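Chemist: Structure in C-alpha coordinates, see below.
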Amino acid sequence: MNRTPLEGWIRDKLLLPGTQALTRSDLETFQVRKLREVVTYAQTKSPFYRNLLAEVDDLDVKDLQAFSRLPFTTPDDVRTQGMRMLCTSQDEIERVVTLQTSGTSGEAKRIFFTAEDLELTVDFFHHGMATMVAAGATVIIFLPGERPDSVGDLLARGLRRLGVRPVTFGPVRDPIAARAEIMRHPSPCLVGIPTQILSLARGEGGEAIPRGWVESVLLSTDYVPTAIVEELKQNWGCRVFTHYGMTETGLGGGVECEARDGYHLREADLYTEIVDPATGRPVADGEFGEVVFTTLTRSGMPLVRYRTGDLARMMPESCPCGTVLKRLGRVQGRIGATVRLRDGASIAMATLDEALFPIPGLLNFTAEIADNGGRDQLNLCLQACEGQEEQVARGAVAALVRAESSDPLFRQGGLTLGSITFDRAGWFTTGTGKRQIRDVRQENQGAVCA
Ligand SMILES: [Zn+2]
(Lines give C-alpha, C1' and ligand atoms only; values in the text may rest on other atoms or scores of the structure.)
Protein backbone atom coordinates (compact mmCIF):
# COMPACT_ATOMS: atom_id res chain seq x y z
CA MET A 1 0.00 0.00 0.00
CA ASN A 2 1.33 3.41 -0.96
CA ARG A 3 1.70 6.01 1.74
CA THR A 4 -0.53 9.06 1.31
CA PRO A 5 1.19 11.55 -1.03
CA LEU A 6 0.15 14.27 1.40
CA GLU A 7 2.97 13.27 3.76
CA GLY A 8 5.76 14.11 1.31
CA TRP A 9 3.97 17.30 0.34
CA ILE A 10 3.63 18.41 3.96
CA ARG A 11 7.21 17.44 4.70
CA ASP A 12 8.36 19.73 1.88
CA LYS A 13 6.30 22.59 3.29
CA LEU A 14 8.12 22.26 6.61
CA LEU A 15 11.48 22.71 4.82
CA LEU A 16 13.08 19.88 6.81
CA PRO A 17 16.79 19.47 6.06
CA GLY A 18 18.10 16.71 3.78
CA THR A 19 16.12 13.51 3.56
CA GLN A 20 15.00 13.55 7.17
CA ALA A 21 11.63 11.83 7.58
CA LEU A 22 8.66 13.79 8.87
CA THR A 23 7.75 13.19 12.52
CA ARG A 24 4.71 14.19 14.57
CA SER A 25 6.93 16.38 16.68
CA ASP A 26 8.22 18.29 13.59
CA LEU A 27 4.66 18.82 12.52
CA GLU A 28 3.45 19.99 15.91
CA THR A 29 6.37 22.40 16.30
CA PHE A 30 5.48 23.82 12.90
CA GLN A 31 1.79 24.06 13.77
CA VAL A 32 2.46 25.89 17.05
CA ARG A 33 4.71 28.40 15.24
CA LYS A 34 2.02 28.96 12.61
CA LEU A 35 -0.75 29.26 15.21
CA ARG A 36 1.25 31.99 16.94
CA GLU A 37 1.72 33.75 13.60
CA VAL A 38 -1.94 33.55 12.65
CA VAL A 39 -3.10 34.85 16.05
CA THR A 40 -0.75 37.85 15.86
CA TYR A 41 -1.66 38.47 12.24
CA ALA A 42 -5.40 38.34 12.92
CA GLN A 43 -5.11 40.56 16.01
CA THR A 44 -3.17 43.15 14.02
CA LYS A 45 -5.20 43.14 10.83
CA SER A 46 -8.84 42.47 11.70
CA PRO A 47 -11.20 44.44 13.97
CA PHE A 48 -13.13 41.26 14.78
CA TYR A 49 -10.06 39.35 16.00
CA ARG A 50 -8.59 42.42 17.72
CA ASN A 51 -11.67 42.31 19.91
CA LEU A 52 -12.06 38.50 20.20
CA LEU A 53 -8.38 37.88 21.00
CA ALA A 54 -7.77 41.08 22.98
CA GLU A 55 -6.54 39.20 26.05
CA VAL A 56 -4.43 36.68 24.14
CA ASP A 57 -0.62 36.94 24.10
CA ASP A 58 2.26 34.70 22.94
CA LEU A 59 2.15 32.64 26.14
CA ASP A 60 -1.44 31.60 25.34
CA VAL A 61 -0.15 29.99 22.15
CA LYS A 62 3.01 28.47 23.60
CA ASP A 63 1.78 24.94 22.83
CA LEU A 64 -1.28 23.13 21.50
CA GLN A 65 -2.74 22.67 24.95
CA ALA A 66 -2.58 26.38 25.70
CA PHE A 67 -4.08 27.15 22.29
CA SER A 68 -7.08 24.95 23.08
CA ARG A 69 -8.20 27.56 25.63
CA LEU A 70 -8.63 30.33 23.06
CA PRO A 71 -12.17 31.40 22.16
CA PHE A 72 -14.01 29.80 19.24
CA THR A 73 -15.31 31.39 16.08
CA THR A 74 -18.63 30.23 14.66
CA PRO A 75 -20.61 30.22 11.41
CA ASP A 76 -22.73 32.97 13.00
CA ASP A 77 -19.63 35.15 13.40
CA VAL A 78 -18.91 34.66 9.70
CA ARG A 79 -22.51 35.48 8.83
CA THR A 80 -22.82 38.61 10.90
CA GLN A 81 -19.24 39.92 11.11
CA GLY A 82 -17.53 38.40 8.07
CA MET A 83 -16.29 41.71 6.73
CA ARG A 84 -14.67 42.54 10.07
CA MET A 85 -12.78 39.22 9.94
CA LEU A 86 -10.97 40.30 6.78
CA CYS A 87 -7.22 40.76 7.21
CA THR A 88 -6.43 42.27 3.83
CA SER A 89 -7.92 45.11 1.83
CA GLN A 90 -10.87 44.15 -0.34
CA ASP A 91 -8.72 44.86 -3.41
CA GLU A 92 -6.61 41.83 -2.55
CA ILE A 93 -9.64 39.51 -2.44
CA GLU A 94 -9.70 37.36 -5.53
CA ARG A 95 -12.80 35.33 -4.81
CA VAL A 96 -15.79 35.45 -2.46
CA VAL A 97 -17.82 32.30 -1.94
CA THR A 98 -21.36 33.01 -0.79
CA LEU A 99 -23.09 30.20 1.05
CA GLN A 100 -26.84 30.35 1.36
CA THR A 101 -27.78 28.76 4.63
CA SER A 102 -30.97 27.64 6.20
CA GLY A 103 -30.07 29.45 9.43
CA THR A 104 -32.71 31.53 11.15
CA SER A 105 -30.97 34.82 10.44
CA GLY A 106 -31.32 34.19 6.72
CA GLU A 107 -28.03 35.98 6.15
CA ALA A 108 -25.58 34.28 3.82
CA LYS A 109 -22.09 33.26 4.87
CA ARG A 110 -19.37 34.80 2.77
CA ILE A 111 -15.84 33.43 2.74
CA PHE A 112 -13.05 35.56 1.26
CA PHE A 113 -9.95 34.30 -0.51
CA THR A 114 -6.87 36.06 -1.84
CA ALA A 115 -4.99 34.72 -4.86
CA GLU A 116 -2.44 33.17 -2.46
CA ASP A 117 -5.25 31.46 -0.51
CA LEU A 118 -6.59 29.92 -3.72
CA GLU A 119 -3.09 28.79 -4.70
CA LEU A 120 -2.90 26.82 -1.42
CA THR A 121 -6.06 24.96 -2.47
CA VAL A 122 -4.79 24.24 -5.98
CA ASP A 123 -1.59 22.89 -4.41
CA PHE A 124 -3.61 20.62 -2.09
CA PHE A 125 -5.73 19.32 -4.98
CA HIS A 126 -2.55 18.66 -6.99
CA HIS A 127 -1.00 16.51 -4.27
CA GLY A 128 -4.19 15.02 -2.81
CA MET A 129 -5.40 13.74 -6.20
CA ALA A 130 -2.08 11.91 -6.63
CA THR A 131 -3.62 9.36 -4.25
CA MET A 132 -5.88 8.04 -7.02
CA VAL A 133 -4.59 9.29 -10.39
CA ALA A 134 -1.22 9.64 -12.14
CA ALA A 135 0.04 11.47 -15.23
CA GLY A 136 -1.88 10.50 -18.36
CA ALA A 137 -5.17 9.82 -16.57
CA THR A 138 -8.48 11.62 -17.14
CA VAL A 139 -10.61 13.05 -14.34
CA ILE A 140 -14.22 14.05 -15.07
CA ILE A 141 -15.29 16.77 -12.65
CA PHE A 142 -19.01 16.74 -11.79
CA LEU A 143 -18.72 19.86 -9.63
CA PRO A 144 -19.38 23.50 -10.54
CA GLY A 145 -16.41 24.57 -12.64
CA GLU A 146 -17.44 27.15 -15.17
CA ARG A 147 -16.38 30.22 -13.30
CA PRO A 148 -12.71 31.03 -12.75
CA ASP A 149 -11.67 29.99 -9.23
CA SER A 150 -14.78 27.84 -8.72
CA VAL A 151 -14.09 24.52 -6.99
CA GLY A 152 -14.07 22.65 -10.32
CA ASP A 153 -11.70 25.16 -11.84
CA LEU A 154 -9.26 24.98 -8.90
CA LEU A 155 -9.36 21.18 -9.07
CA ALA A 156 -8.70 21.24 -12.83
CA ARG A 157 -5.69 23.49 -12.26
CA GLY A 158 -4.29 21.14 -9.64
CA LEU A 159 -4.80 18.13 -11.91
CA ARG A 160 -2.96 19.75 -14.84
CA ARG A 161 0.09 20.13 -12.62
CA LEU A 162 -0.07 16.39 -12.09
CA GLY A 163 -0.13 15.77 -15.85
CA VAL A 164 -3.74 14.61 -15.56
CA ARG A 165 -6.39 15.73 -18.05
CA PRO A 166 -9.39 17.38 -16.37
CA VAL A 167 -12.80 17.36 -18.06
CA THR A 168 -15.06 19.85 -16.31
CA PHE A 169 -18.64 18.67 -16.78
CA GLY A 170 -20.37 20.45 -13.90
CA PRO A 171 -23.10 19.11 -11.59
CA VAL A 172 -25.16 16.23 -13.02
CA ARG A 173 -28.35 17.74 -14.38
CA ASP A 174 -28.65 15.44 -17.37
CA PRO A 175 -27.60 11.87 -16.49
CA ILE A 176 -27.70 10.74 -20.14
CA ALA A 177 -25.23 13.42 -21.21
CA ALA A 178 -23.10 12.71 -18.13
CA ARG A 179 -22.93 8.98 -18.94
CA ALA A 180 -22.06 9.76 -22.57
CA GLU A 181 -19.17 11.92 -21.35
CA ILE A 182 -17.95 9.10 -19.10
CA MET A 183 -18.01 6.68 -22.04
CA ARG A 184 -15.80 9.01 -24.11
CA HIS A 185 -12.87 8.49 -21.71
CA PRO A 186 -11.48 5.02 -20.96
CA SER A 187 -10.76 4.33 -17.26
CA PRO A 188 -11.74 7.74 -15.95
CA CYS A 189 -11.73 8.95 -12.37
CA LEU A 190 -15.00 10.71 -11.49
CA VAL A 191 -15.26 13.47 -8.90
CA GLY A 192 -18.70 14.49 -7.68
CA ILE A 193 -21.48 14.73 -5.14
CA PRO A 194 -22.61 11.35 -3.72
CA THR A 195 -26.30 11.40 -4.71
CA GLN A 196 -25.50 12.73 -8.17
CA ILE A 197 -22.88 10.07 -8.89
CA LEU A 198 -25.30 7.47 -7.51
CA SER A 199 -27.88 8.61 -10.08
CA LEU A 200 -25.42 7.72 -12.86
CA ALA A 201 -24.96 4.18 -11.59
CA ARG A 202 -28.47 3.44 -10.38
CA GLY A 203 -30.80 5.62 -12.45
CA GLU A 204 -32.61 4.66 -15.60
CA GLY A 205 -30.04 3.90 -18.31
CA GLY A 206 -27.35 3.12 -15.73
CA GLU A 207 -26.34 0.02 -17.70
CA ALA A 208 -24.76 2.39 -20.27
CA ILE A 209 -21.65 2.30 -18.10
CA PRO A 210 -20.29 -1.26 -18.03
CA ARG A 211 -18.66 -2.65 -14.92
CA GLY A 212 -14.90 -2.04 -15.01
CA TRP A 213 -15.09 1.10 -17.16
CA VAL A 214 -14.72 3.61 -14.31
CA GLU A 215 -11.33 3.38 -12.62
CA SER A 216 -12.07 5.35 -9.45
CA VAL A 217 -14.53 7.75 -7.88
CA LEU A 218 -13.91 10.58 -5.44
CA LEU A 219 -17.02 11.64 -3.53
CA SER A 220 -16.90 15.07 -2.01
CA THR A 221 -19.35 16.59 0.43
CA ASP A 222 -19.86 16.98 4.14
CA TYR A 223 -21.31 13.53 4.69
CA VAL A 224 -20.94 10.48 2.46
CA PRO A 225 -23.46 7.66 3.14
CA THR A 226 -21.74 4.26 3.34
CA ALA A 227 -24.58 2.78 1.31
CA ILE A 228 -23.68 4.98 -1.67
CA VAL A 229 -19.98 4.04 -1.48
CA GLU A 230 -20.93 0.35 -1.40
CA GLU A 231 -23.36 0.66 -4.31
CA LEU A 232 -20.76 2.35 -6.53
CA LYS A 233 -18.08 -0.20 -5.60
CA GLN A 234 -20.41 -3.08 -6.45
CA ASN A 235 -21.98 -1.59 -9.53
CA TRP A 236 -18.86 -0.33 -11.25
CA GLY A 237 -16.19 -2.48 -9.59
CA CYS A 238 -14.14 0.64 -8.92
CA ARG A 239 -12.28 2.13 -5.99
CA VAL A 240 -14.29 4.79 -4.14
CA PHE A 241 -12.46 7.50 -2.20
CA THR A 242 -13.99 10.29 -0.19
CA HIS A 243 -12.88 13.84 0.44
CA TYR A 244 -13.69 15.98 3.47
CA GLY A 245 -13.83 19.70 3.15
CA MET A 246 -16.01 22.77 3.07
CA THR A 247 -15.68 26.29 1.77
CA GLU A 248 -14.32 27.40 5.14
CA THR A 249 -11.42 24.92 5.02
CA GLY A 250 -10.50 26.42 1.65
CA LEU A 251 -12.76 23.99 -0.29
CA GLY A 252 -10.25 21.19 0.21
CA GLY A 253 -9.69 19.67 3.63
CA GLY A 254 -8.58 16.08 3.68
CA VAL A 255 -8.64 12.98 1.54
CA GLU A 256 -8.53 9.24 2.13
CA CYS A 257 -5.40 7.28 1.24
CA GLU A 258 -5.36 3.80 -0.32
CA ALA A 259 -6.46 2.36 3.03
CA ARG A 260 -9.72 4.26 2.49
CA ASP A 261 -10.37 4.48 6.18
CA GLY A 262 -10.26 8.06 7.41
CA TYR A 263 -9.11 11.36 5.96
CA HIS A 264 -5.53 12.59 6.00
CA LEU A 265 -5.73 16.33 6.47
CA ARG A 266 -3.76 19.25 5.08
CA GLU A 267 -1.94 19.50 8.37
CA ALA A 268 0.46 22.24 7.24
CA ASP A 269 -2.50 24.47 6.31
CA LEU A 270 -5.10 23.47 8.88
CA TYR A 271 -4.84 22.67 12.56
CA THR A 272 -7.76 20.43 13.50
CA GLU A 273 -9.16 19.78 16.98
CA ILE A 274 -12.09 17.68 18.17
CA VAL A 275 -14.03 19.22 21.07
CA ASP A 276 -16.96 18.26 23.22
CA PRO A 277 -19.84 20.19 21.61
CA ALA A 278 -21.40 20.97 24.99
CA THR A 279 -18.36 22.03 27.03
CA GLY A 280 -15.99 23.08 24.24
CA ARG A 281 -13.17 21.09 25.85
CA PRO A 282 -10.87 18.97 23.66
CA VAL A 283 -11.64 15.25 23.70
CA ALA A 284 -9.10 12.41 23.48
CA ASP A 285 -8.26 10.77 20.15
CA GLY A 286 -10.88 8.13 19.43
CA GLU A 287 -13.71 10.07 21.06
CA PHE A 288 -16.40 11.73 18.98
CA GLY A 289 -16.88 15.47 19.09
CA GLU A 290 -17.17 18.56 16.96
CA VAL A 291 -14.54 19.26 14.32
CA VAL A 292 -12.86 22.62 14.97
CA PHE A 293 -10.11 23.95 12.76
CA THR A 294 -7.74 26.88 12.52
CA THR A 295 -6.30 28.03 9.21
CA LEU A 296 -2.50 28.25 9.44
CA THR A 297 -1.66 29.84 6.11
CA ARG A 298 -4.63 31.86 4.85
CA SER A 299 -4.23 35.61 4.51
CA GLY A 300 -7.64 36.96 3.39
CA MET A 301 -9.91 35.66 6.13
CA PRO A 302 -8.13 33.42 8.61
CA LEU A 303 -10.40 31.34 10.81
CA VAL A 304 -9.34 30.70 14.40
CA ARG A 305 -10.86 27.71 16.21
CA TYR A 306 -13.78 27.63 13.79
CA ARG A 307 -16.65 25.35 14.86
CA THR A 308 -17.76 23.34 11.84
CA GLY A 309 -20.77 21.58 13.39
CA ASP A 310 -19.46 18.31 11.94
CA LEU A 311 -19.36 15.32 14.25
CA ALA A 312 -16.27 13.09 13.91
CA ARG A 313 -13.28 11.68 15.79
CA MET A 314 -9.54 11.43 15.33
CA MET A 315 -8.73 7.76 14.84
CA PRO A 316 -6.31 6.67 17.56
CA GLU A 317 -4.57 3.89 15.59
CA SER A 318 -1.93 4.76 13.00
CA CYS A 319 -2.96 4.32 9.38
CA PRO A 320 -2.09 1.09 7.50
CA CYS A 321 -0.46 3.32 4.84
CA GLY A 322 2.29 4.05 7.36
CA THR A 323 2.07 7.84 7.48
CA VAL A 324 2.65 9.98 10.56
CA LEU A 325 -0.30 12.13 9.51
CA LYS A 326 -3.46 11.90 11.59
CA ARG A 327 -6.67 10.36 10.39
CA LEU A 328 -10.02 12.06 10.81
CA GLY A 329 -12.70 9.37 10.90
CA ARG A 330 -15.76 9.59 8.70
CA VAL A 331 -18.06 12.45 9.56
CA GLN A 332 -21.13 11.10 11.39
CA GLY A 333 -23.37 14.03 10.55
CA ARG A 334 -23.96 17.61 11.53
CA ILE A 335 -24.52 18.62 15.12
CA GLY A 336 -26.94 21.44 14.29
CA ALA A 337 -28.77 19.33 11.71
CA THR A 338 -30.16 16.90 14.25
CA VAL A 339 -33.87 17.34 14.91
CA ARG A 340 -34.84 16.88 18.54
CA LEU A 341 -38.03 14.91 19.00
CA ARG A 342 -40.65 15.38 21.68
CA ASP A 343 -39.68 12.20 23.50
CA GLY A 344 -36.12 13.46 23.95
CA ALA A 345 -34.55 11.38 21.18
CA SER A 346 -33.13 13.02 18.11
CA ILE A 347 -32.90 12.13 14.46
CA ALA A 348 -30.17 12.98 11.96
CA MET A 349 -30.12 13.01 8.18
CA ALA A 350 -27.18 10.60 8.33
CA THR A 351 -29.39 8.01 10.07
CA LEU A 352 -31.99 8.26 7.33
CA ASP A 353 -29.28 8.15 4.63
CA GLU A 354 -27.89 4.89 5.96
CA ALA A 355 -31.37 3.39 6.36
CA LEU A 356 -32.73 4.40 2.96
CA PHE A 357 -29.90 4.46 0.41
CA PRO A 358 -29.50 0.65 0.41
CA ILE A 359 -32.98 0.46 -1.19
CA PRO A 360 -32.54 -0.43 -4.87
CA GLY A 361 -34.09 2.16 -7.16
CA LEU A 362 -33.85 5.05 -4.68
CA LEU A 363 -31.99 8.04 -6.11
CA ASN A 364 -32.43 10.75 -3.50
CA PHE A 365 -34.89 11.99 -0.90
CA THR A 366 -35.86 14.89 1.29
CA ALA A 367 -37.30 14.54 4.79
CA GLU A 368 -39.21 16.64 7.26
CA ILE A 369 -40.47 16.28 10.80
CA ALA A 370 -44.03 17.56 11.07
CA ASP A 371 -46.61 17.81 13.82
CA ASN A 372 -49.46 15.34 13.72
CA GLY A 373 -51.86 16.08 16.55
CA GLY A 374 -49.08 16.49 19.10
CA ARG A 375 -46.95 13.63 17.81
CA ASP A 376 -43.83 13.80 15.68
CA GLN A 377 -44.26 12.51 12.18
CA LEU A 378 -41.63 11.87 9.53
CA ASN A 379 -42.66 12.77 5.97
CA LEU A 380 -40.51 11.65 3.08
CA CYS A 381 -40.32 12.77 -0.51
CA LEU A 382 -38.50 10.16 -2.55
CA GLN A 383 -36.88 10.30 -5.94
CA ALA A 384 -36.87 6.89 -7.52
CA CYS A 385 -35.99 5.30 -10.83
CA GLU A 386 -38.94 5.41 -13.18
CA GLY A 387 -41.36 2.54 -12.66
CA GLN A 388 -39.83 1.56 -9.31
CA GLU A 389 -41.72 3.97 -7.07
CA GLU A 390 -43.92 1.38 -5.42
CA GLN A 391 -41.08 -0.96 -4.63
CA VAL A 392 -38.98 1.92 -3.27
CA ALA A 393 -41.84 3.08 -1.04
CA ARG A 394 -42.24 -0.45 0.33
CA GLY A 395 -38.50 -0.56 0.93
CA ALA A 396 -38.63 2.72 2.84
CA VAL A 397 -41.41 1.51 5.12
CA ALA A 398 -39.55 -1.73 5.76
CA ALA A 399 -36.26 0.06 6.47
CA LEU A 400 -37.78 2.51 8.93
CA VAL A 401 -40.42 0.60 10.80
CA ARG A 402 -39.22 -2.97 10.75
CA ALA A 403 -38.72 -4.41 14.20
CA GLU A 404 -35.05 -5.16 13.66
CA SER A 405 -34.35 -1.60 12.47
CA SER A 406 -30.93 -0.60 13.75
CA ASP A 407 -32.37 2.70 14.85
CA PRO A 408 -34.78 2.57 17.81
CA LEU A 409 -36.63 5.77 16.87
CA PHE A 410 -39.60 4.07 15.35
CA ARG A 411 -39.57 1.09 17.69
CA GLN A 412 -40.15 3.29 20.72
CA GLY A 413 -43.16 4.82 19.06
CA GLY A 414 -41.86 8.35 19.53
CA LEU A 415 -41.90 8.93 15.84
CA THR A 416 -44.42 7.81 13.28
CA LEU A 417 -43.99 7.53 9.57
CA GLY A 418 -46.34 9.96 7.85
CA SER A 419 -46.61 10.56 4.15
CA ILE A 420 -44.39 9.17 1.43
CA THR A 421 -44.55 11.17 -1.77
CA PHE A 422 -42.53 11.16 -4.96
CA ASP A 423 -40.72 13.89 -6.79
CA ARG A 424 -40.69 12.91 -10.43
CA ALA A 425 -38.63 15.80 -11.67
CA GLY A 426 -36.45 18.54 -10.48
CA TRP A 427 -33.98 17.00 -8.10
CA PHE A 428 -31.14 17.12 -10.59
CA THR A 429 -31.25 20.86 -10.25
CA THR A 430 -31.24 20.89 -6.46
CA GLY A 431 -27.59 21.85 -6.55
CA THR A 432 -24.77 21.11 -4.20
CA GLY A 433 -26.15 22.26 -0.86
CA LYS A 434 -26.13 20.26 2.34
CA ARG A 435 -28.95 17.81 2.72
CA GLN A 436 -30.79 18.04 6.00
CA ILE A 437 -34.06 17.20 7.72
CA ARG A 438 -36.50 20.11 7.78
CA ASP A 439 -38.30 20.72 11.03
CA VAL A 440 -41.71 22.11 10.09
CA ARG A 441 -43.51 21.52 13.37
CA GLN A 442 -43.75 25.28 13.98
CA GLU A 443 -44.69 26.09 10.42
CA ASN A 444 -47.77 25.43 8.41
CA GLN A 445 -47.34 21.97 7.06
CA GLY A 446 -46.44 22.15 3.42
CA ALA A 447 -45.74 19.47 0.91
CA VAL A 448 -42.33 17.98 1.58
CA CYS A 449 -41.49 18.14 -2.13
CA ALA A 450 -42.14 21.87 -2.38
ZN1 LIG B 1 -3.22 6.47 5.22
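The values are calculated or read from the model by the stated rules, or taken from the named source; none is laboratory data. Fair warning: this is a prediction, and the values are worked out from it, not measured in the lab. When we count neighbours, we look across all protein chains shown, and the Cβ atoms used for this are built from the backbone with ideal geometry, even at glycine. For the accessible areas, the whole protein counts, side chains as well, though only heavy atoms, and no ligand, DNA or RNA atoms are used. Shrake-Rupley method; radii C 1.70, N 1.55, O 1.52, S 1.80 Å.
Chemist: Can you pick out the pairs among 109/326; 13/233; 13/62; 34/109; 45/109; 62/109 whose Cα atoms lie more than 23 Å from each other?
Modeler: As for pairs spanning more than 23 Å Cα to Cα, those are 109/326; 13/233; 34/109; 62/109.
Chemist: Please name whichever of 137, 82, 360 sits farthest to the positive end of the charge dipole of the chain, dipole taken about the Cα centre and charges placed at Cβ: Lys and Arg +1, Asp and Glu -1.
Modeler: 137
Chemist: Using +1 at the C-beta of Lys and Arg and -1 at the C-beta of Asp and Glu, which of 18, 380, 196 has the Cα lying farthest in the positive direction of the dipole of the chain?
Modeler: Towards the positive end, the residue furthest out is 18.
Chemist: Can you give the FRET efficiency for residue 247 and residue 390, using 1/(1 + (r/R0)^6), R0 = 41 Å, r = Cβ-Cβ distance, to the nearest 0.05?
Modeler: Given R0 = 41 Å and the Cβ-Cβ separation, E is 0.55.
Chemist: Could you give the nm distance between label points at residue 174 and residue 116, where each point is 7 Å from its Cα heading toward the beta carbon?
Modeler: With each label point 7 Å from Cα toward Cβ, the separation is 4.3 nm.
Chemist: Which distance in nm do the two modelled labels at residue 135 and residue 19 give, with both placed 7 Å along the Cα-to-Cβ direction?
Modeler: Spacing of the two 7 Å Cα→Cβ label points: 2.1 nm.
Chemist: Could I ask something else about it? So how far, in whole Å, is the C-alpha centre of segment 294-325 from the one of segment 138-164?
Modeler: If you average the Cα positions of each part, the centres end up 23 Å apart.
Chemist: What whole number of Å gives the distance from the Cα centroid of segment 327-349 to the Cα centroid of segment 211-254?
Modeler: Each part's Cα centre sits 21 Å from the other's.
Chemist: Using a/c under 1.5 as the rounded threshold, could you call segment 102-168 rounded, prolate or oblate? The axes a ≥ b ≥ c are square roots of the C-alpha gyration tensor eigenvalues, and prolate needs a/b larger than b/c, oblate otherwise.
Modeler: Since a/c reaches 1.5 and a/b is larger than b/c, the shape of segment 102-168 is classed as prolate.
Chemist: Please name which of 234, 186, 247 has its Cα lying farthest along the dipole of segment 132-256 towards the positive end, using unit charges on Cβ (Lys, Arg +1; Asp, Glu -1) and the Cα centre as origin.
Modeler: 186
Chemist: Give the accessible surface of the chain per residue, rounded to a whole number of Å², with probe radius 1.4 Å and ligands, DNA and RNA excluded.
Modeler: Counting only protein heavy atoms, the per-residue value for the chain is 43 Å².
Chemist: How long are the semi-axes of the ellipsoid equivalent to the chain, from square roots of 5 times the Cα gyration tensor eigenvalues, in whole Å, largest first?
Modeler: For the chain, the ellipsoid semi-axes come out as 36, 28, 21 Å.
Chemist: Can you bin segment 351-399 into rounded, prolate or oblate? Criterion: square roots of the alpha carbon gyration tensor eigenvalues sorted a ≥ b ≥ c, rounded for a/c under 1.5, prolate for a/b above b/c, oblate for the rest.
Modeler: prolate
Chemist: Give me the number: length gained by fully extending residue 100 to residue 161, i.e. 0.36 nm times residue separation minus the C-alpha to C-alpha distance, one decimal in nm.
Modeler: So the extension gain works out to 18.8 nm.
Chemist: Now for a separate question. Label-point separation (nm) for residue 92 and residue 317, each offset 7 Å from Cα along Cα-to-Cβ?
Modeler: 4.5 nm
Chemist: I want to make sure I understand the PRE zone here: with the label point 7 angstrom from the Cα of residue 107 toward its beta carbon, which residues in segment 40-54 have backbone N atoms less than 14 Å away?
Modeler: Output list for this probe position: 48.
Chemist: Calculate the FRET efficiency for residue 208 and residue 60 from the Cβ-Cβ distance with a Förster distance of 56 Å, rounded to the nearest 0.05.
Modeler: Once rounded, the FRET efficiency stands at 0.45.
Chemist: Here's a follow-up. Give me the extension gain from residue 372 to residue 285: residue separation times 0.36 nm, minus the current Cα-Cα distance, reported in nm with one decimal.
Modeler: 27.1 nm
Chemist: Can you compute the FRET efficiency between residue 1 and residue 234 using 1/(1 + (r/R0)^6), with r the Cβ-Cβ distance and R0 = 30 Å? Round to the nearest 0.05.
Modeler: 0.85
Chemist: Taking N as the number of residues in segment 303-358, what is its Cα Rg relative to 2.2 N^0.38 Å?
Modeler: Here the Cα radius of gyration is 1.50 times the empirical estimate.
Chemist: Using the Cα gyration tensor of segment 1-133, with a ≥ b ≥ c the square roots of its eigenvalues, what is the shape: rounded (a/c below 1.5), prolate (a/b larger than b/c) or oblate (neither)?
Modeler: oblate
Chemist: Another question about this same structure. To the nearest 10 Å², what's residue 338's accessible area with a 1.4 Å probe?
Modeler: Counting only protein heavy atoms, residue 338 exposes about 50 Å² to solvent.
Chemist: Between segment 23-50 and segment 118-136, how many Å separate their Cα centres?
Modeler: Taking the Cα centre of each part, segment 23-50 and segment 118-136 sit 25 Å apart.
Chemist: Where the only charges are on Cβ atoms (+1 Lys, Arg; -1 Asp, Glu), what is the dipole of the chain about its Cα centre, to the nearest 20 debye?
Modeler: 240 debye
Chemist: When all protein chains stay in place, what accessible area (Å², nearest 10, 1.4 Å probe) is found for residue 129?
Modeler: About 10 Å², ignoring ligands and nucleic acids.
Chemist: Multiply the residue separation of residue 29 and residue 401 by 0.36 nm, subtract the distance between their alpha-carbon atoms, and state the gained length in nm to one decimal.
Modeler: Result for the pair: 128.7 nm of gain on full extension.
Chemist: If you wrap a convex hull around the Cα atoms of segment 170-296, how much volume per residue is inside, in Å³?
Modeler: Per-residue hull volume (Cα only) is 132 Å³.
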